[in-house]
Amino acid sequence: MREIGKILFDEVTIRNKVQELGGRISGDYAGKEPIIVSILKGAVIFTTDLVRSISCPLTIDFLQASSYGMSTNSSGTVAVKKELEADIEGRHVLLVDTIIDTGKTLASLMKLLALRNPASINAVVLLDKSCRRLVDVPIAYRGFEIPDAFVVGYGLDFNERYRSLPYIAVLDEDR
Ligand code: IMP
Ligand code: MG
C-alpha cells in the first residue's frame, strides 16, 4: 500500500504562493488579454485558483497530453489527447501545469503551440522538480522547487487518486 506521507505545502502556503504568482502575472500582462491554457487533468485545480488571482481580462482553454509513459514517440513528442478550442494565433499564451518533472510535457506542448503563431508563450508551474529535468524549458513563473519525490494532491494524482486533496504531500513507497 502507498500512503500519504509528509505534507510539503498546506492550503495556506499554496494559496499565498498562487496569489503571488497571480500578482506577478497581473502586472506583466496588464493591458493584454492572455489565454490561459490549462493542461488536463492535473492543472485544473491550480488553474481555477490562479485565474481568480489574476486581475487582467483573460480567457481559458484546456489541452490534454497523453502520458509520455505510453505515447512518447522516438522524437520525444507528446501526443495531444484533447485539443484546444481556441485559435491562439496572435494571442498571449500562458501554459499552466501544476508540476514540471523531466520537462518533456511542457517542452513538447510549447513547441507545438509556438507553431500556431501566438504573440507570446510563457509557462507557469506551481512545482518544479528541477533535479529531474531532461529537457530544458524556460519557465517564466515558478512556485516552489521540490526534491525528487512523487507528490500528490492539489490536482496531482497517483492512478487518478488523491487529486482532490487540498494540500500537496509526498506519496510514500510500498513498505
Ligand atoms: P514531465 O513531462 O516529466 O515534466 O512530467 C509532467 C507531468 O508528469 C505532470 O503534468 C504530471 O502529470 C506528471 N507528474 C510528474 N511528477 C509528478 C508527481 O510527483 N506527482 C504526480 N504527477 C507527476
Ligand atoms: Mg498523473
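The values are calculated or read from the model by the stated rules, or taken from the named source; none is laboratory data. Just so it is clear, the model here is predicted, and its values are computed rather than measured. Heads up, the Cβs are rebuilt from the backbone with ideal geometry, glycines too, and the neighbour counts pull from every protein chain shown. Surface areas here come from the heavy atoms of the whole protein model, side chains and all, with no ligands, DNA or RNA. Shrake-Rupley method; radii C 1.70, N 1.55, O 1.52, S 1.80 Å.
Taking θ = phi - 60°, what integer Hz values does the Karplus form 6.51 cos²θ - 1.76 cosθ + 1.60 yield along segment 163-169, in sequence order, with x for Gly and Pro?
4, 7, 4, x, 10, 10, 9
Nothing charged except the Cβ atoms of Lys and Arg (+1) and of Asp and Glu (-1): what's the magnitude of the dipole of segment 73-175 about its Cα centre? Round to the nearest 20 debye.
180
With the other protein chains left in place, how much accessible area per residue, in square angstrom, belongs to the chain at a 1.4 angstrom probe?
51
In µm²/s, what is D for the chain at 4 °C and 1.567 mPa s, where D = kT/(6 pi eta Rh) by Stokes-Einstein and Rh is the Kirkwood radius from Cα pairs?
For the chosen part, D equals 78 µm²/s.
Full-extension gain between ARG116 and ARG142, please, as 0.36 nm times their residue separation minus the C-alpha to C-alpha distance.
6.9 nm
Among ALA119, SER66, GLY42, whose Cα sits farthest toward the positive end of the charge dipole of segment 21-173 (+1 at Cβ of Lys/Arg, -1 at Cβ of Asp/Glu, about the Cα centre)?
ALA119
Can you list the aspartates and glutamates whose alpha carbon sits under 12 Å from that of LYS129, skipping same-chain ones fewer than 8 residues off?
LYS129 reaches ASP101, GLU145, ASP148.
From the phi of every residue in segment 124-137, what ³J(HN,Hα) in whole Hz does the Karplus formula 6.51 cos²θ - 1.76 cosθ + 1.60 yield, where θ is phi - 60° and glycine or proline is x?
Each residue's phi maps through the Karplus curve to give 10, 10, 7, 10, 10, 9, 5, 5, 9, 5, 10, 10, 6, 9 Hz.
Rolling a 1.4 angstrom probe over the protein chains, ignoring ligands and nucleic acids, what is the accessible area of LYS111 in square angstrom, nearest 10?
Accessible area, nearest 10 Å²: 150 Å².
Where nothing but the Cβ of Lys and Arg (+1) and of Asp and Glu (-1) is charged, how large is the charge dipole of the chain around its Cα centre, in debye to the nearest 20?
With Lys and Arg at +1 and Asp and Glu at -1, about 120 debye.
Tally up the carbon and sulfur contribution to the accessible surface of segment 3-172 as a whole percent, 1.4 Å probe, everything protein left in place.
It is 51 percent, rounded to a whole number.
Between SER55 and ARG133, what is the label-to-label distance in nm when each label sits 7 Å out along the Cα-to-Cβ direction?
Spacing of the two 7 Å Cα→Cβ label points: 3.1 nm.
Between ASP172 and GLU89, what length comes free when the chain is fully extended (0.36 nm per residue of separation minus the Cα-Cα distance, one decimal in nm)?
That pair, ASP172 and GLU89, stretches by 25.6 nm at full extension.
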